Amino acid sequence: MIDAIIEAKESFDCEVMPKTRAAIKELIAETDKDFQKQSRLVYLKDRMTDTLCEVWEFLDHYDDDKRREKMLEMLLDGEKVIELIKEVSKIQGEILALRNGDKERRGISEDDIERARQYPFENLIEFKRGMALCPFHADRLPSMHLYREQNRVHCFSCNQSWDTIQFLRERDGLTFREAIKTLC
């Protein structure tokens, strides 16, 4: 029974998912770039609103816990608020990048961007058996997994994913243009 499940999952991963990804990429390629940009901005604004509402909720919990002198709950609420504020900051960064993207991309071709995305992750961070220590939080055990086929990484501790451009921008504090130039 377990072998059948494993075989079905492998078949799904090897056959169905690549076809699905290809179909999605095809649909995206056919969609108007301005429409994509506007749709992404609407999504990001909604996501920011939801995240800020969560922040307010946790701040209310924090105040309640403070009145009841529940220190552990206060710490947990505070950590969650910090995590949500970081999320808001990332969303703001993406919104600004979308709004200012035309200026930032001047002189950078789509080929340059694709070449930068294909730059091997192994040249940016050391992996052992496809795993590495995440540079974005205190990590004792490797939590960052390399997906070689997509040339992307995902950290299971901080639940974030990056391509090479995003990774370099966040790790080294580079602009989009600087990251492309570094990777090309």
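Worth pointing out:
- Residue within region 120-140 that is touching a His at 6+ places or on another chain (Cβ under 7 Å), farther than 29 Å from Leu59 by Cα and not small (Gly, Ala, Ser) present: yes
- For region 155-184, the candidate set comprises residues that are assigned to a helix (DSSP H, G or I) and out of contact with any helix residue (DSSP H, G or I) (no Cβ under 7 Å at 6 or more places or on another chain); within that set, the residue that is nearest to Ile113 (Cα to Cα) is Lys181.
- Looking across region 1-38, just one residue is outside any helix (DSSP H, G or I) and within 23 Å of the chain's Cα centre (by Cα), and that is Thr31.
- Check on Met71, of a type in the set (A, V, I, L, M, F, W, C) and modelled with pLDDT under 80: yes
- Among the residues examined, Ala116 qualifies as in a helix (DSSP H, G or I), modelled with pLDDT of 85 or more and under 30 Å from Pro18 (Cβ atoms).
- Which listed residue, of Leu44, Leu98, Leu76, Leu72, is surrounded by 15 or more Cβ atoms within 10 Å (Cβ to Cβ), of a type in the set (A, V, I, L, M, F, W, C) and more than 19 Å from the chain's Cα centre (by Cα): Leu76
The values are calculated or read from the model by the stated rules, or taken from the named source; none is laboratory data. Model, not experiment: these values are computed from the prediction. Cβ atoms come from the backbone with ideal geometry, glycine included; neighbour counts cover every protein chain shown.
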